Amino acid sequence: MLDKPIIALDFPNKEAAIDFLSELNSQSLFVKVGMELFYQEGASFIHWLKSQGHYIFLDLKLHDIPNTVYSAMKVLASLGVDLVNVHAAGGSKMMKVALRGLEEGTPKGKKRPALIAVTQLTSTSEQQMQEEQLIKCNLNESVLHYAKLAYMSGLDGVVCSAHEAGMIAEITSESFLRVTPGIRMTGDSSDDQIRIVTPDQARQIGSTHIVIGRSITKANNPKLAYDQAINLWERRN
Ligand SMILES: O=c1ccn([C@@H]2O[C@H](COP(=O)(O)O)[C@@H](O)[C@H]2O)c(=O)[nH]1
């Protein structure tokens, strides 16, 4: 899969997203469409992004009973996106049928979207996880447990923080995707993220892909911020 920082297009509508993309003026980006933009614009905006040559992570984080996720995945596969996700907390049965839904829904001759599972959100702290989810182990153990469950269920990878990426490679395989949000440039606000690192740290620790939103989209000069992120990610700085 394309090894470029994935830009989170967290915008309220397509006009704002298109304005931002025109500032970057780059042909083949790896972009992430989340709930806000997808719920507003739907499939037509996905088709437009594809027509512009962009790779797409459709970040809807499905979490429901297996039959519902299976049927929804069939629909998502027909959109021609490159990467989709579920919450690992939905369980192995749900993850397995999510994969089957994608396989069955992918048009003949097209590549199935890769499927990854969210372990623990990068906005979650160990204390919050223990107190609110009543999970008694530490955060690393919970993330590793979900990663193993996703791996055993046949998924292509996980969403985790970069802090856990190296350990996940060790207990799964080097090719198992470790897609890591919670990326910030030095000096940037962490906002609502808890488990954050810089792009170069993420590469060093073991992320296969990084997701960056506000450090680029809210920067005074988004093009400069994107170029800096690429340079750090590719260790050119
Ligand atoms: O654990 C997770 C899973 C998904 N996200 C998403 O990534 C971006 C991060 O945006 P920033 O502005 O760089 O914080 C956002 O779209 C989240 O929905 C995540 O942050 N953590």
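Every number here is computed from the coordinates shown, using simple stated rules; none is lab data. Keep in mind it's a predicted model, so treat the numbers as computed, not measured. Cβ placement follows ideal geometry from the backbone for every residue including glycine, while neighbour counts extend to all protein chains displayed.
Are any residues in the range 55-81 within 23 Å of D3 (Cα to Cα) and more than 16 Å from the ligand (Cβ to nearest atom), and if so, which ones?
Kept after step one, since they are within 23 Å of D3 (Cα to Cα), are these residues of the range 55-81: 55-61, 76-77, 79-81.
Answer for the range 55-81, where residues must be within 23 Å of D3 (Cα to Cα) and more than 16 Å from the ligand (Cβ to nearest atom): L76, A77, L79, G80.
Are any residues in the range 161-177 in contact with a Gly (Cβ under 6 Å, 6 or more places away or on another chain) and within 13 Å of the ligand (Cβ to nearest atom), and if so, which ones? Quick ask: steps written out before the conclusion?
Restricting attention to the range 161-177, the residues satisfying the condition of being in contact with a Gly (Cβ under 6 Å, 6 or more places away or on another chain) are 161, 165-166, 169, 176-177.
Those that are in contact with a Gly (Cβ under 6 Å, 6 or more places away or on another chain) and within 13 Å of the ligand (Cβ to nearest atom): S161, A165.
Checking the structure you have, find out if any residue of the range 61-78 is among the charged types (D, E, K, R) and surrounded by 19 or more Cβ atoms within 10 Å (Cβ to Cβ). Quick ask: steps written out before the conclusion?
Here is the first cut: in the range 61-78, the ones among the charged types (D, E, K, R) are 61, 64, 74.
Filter once more, so that each one left must be surrounded by 19 or more Cβ atoms within 10 Å (Cβ to Cβ): none.
So far as the range 61-78 goes, no, none of its residues is among the charged types (D, E, K, R) and surrounded by 19 or more Cβ atoms within 10 Å (Cβ to Cβ).
For the range 144-178, which positions are small (G, A, S), over 23 Å from T198 (Cβ atoms) and not in a helix (DSSP H, G or I)?
Residues of the range 144-178 small (G, A, S): 147, 150, 153-154, 157, 161-162, 165-166, 169, 173, 175.
Of the ones still in play, those that are also over 23 Å from T198 (Cβ atoms) are 150, 153-154, 173, 175.
Matches in the range 144-178: S153, G154, S173, S175.
Looking at (1) away from the ligand (no atom under 11 Å from the Cβ); (2) over 20 Å from I230 (Cβ atoms), which is the one condition that is false for N25?
(2)
Which one is farthest from I168 (Cα to Cα) among residues in the range 96-143 that are in a helix (DSSP H, G or I) and within 16 Å of the ligand (Cβ to nearest atom)? Working first, answer last.
Going residue by residue through the range 96-143, those that are in a helix (DSSP H, G or I) are 96-105, 126-132, 139-143.
Those still in the list that are within 16 Å of the ligand (Cβ to nearest atom) too: 126, 128-129, 132, 139-140, 142-143.
Numbers: E126: 18, Q128: 22, M129: 19, E132: 24, L139: 13, N140: 10, S142: 11, V143: 8 Å.
Top of the filtered list is E132.
Tell me, please, whether a residue that is among the polar types (S, T, N, Q) and either buried (at least 22 other Cβ atoms within 10 Å of the Cβ) or closer than 29 Å to F20 by Cα (or both) can be found in the range 94-116.
The answer is no; no qualifying residue exists.
Could you list all residues from the range 182-237 that are hydroxyl-bearing (S, T, Y) and either buried (at least 18 other Cβ atoms within 10 Å of the Cβ) or over 28 Å from T172 (Cβ atoms) (or both)?
Let us first name the residues in the range 182-237 that are hydroxyl-bearing (S, T, Y), namely 186, 189-190, 198, 207-208, 215, 217, 226.
Matches in the range 182-237: T186, S189, T198, S207, T208, S215, T217, Y226.
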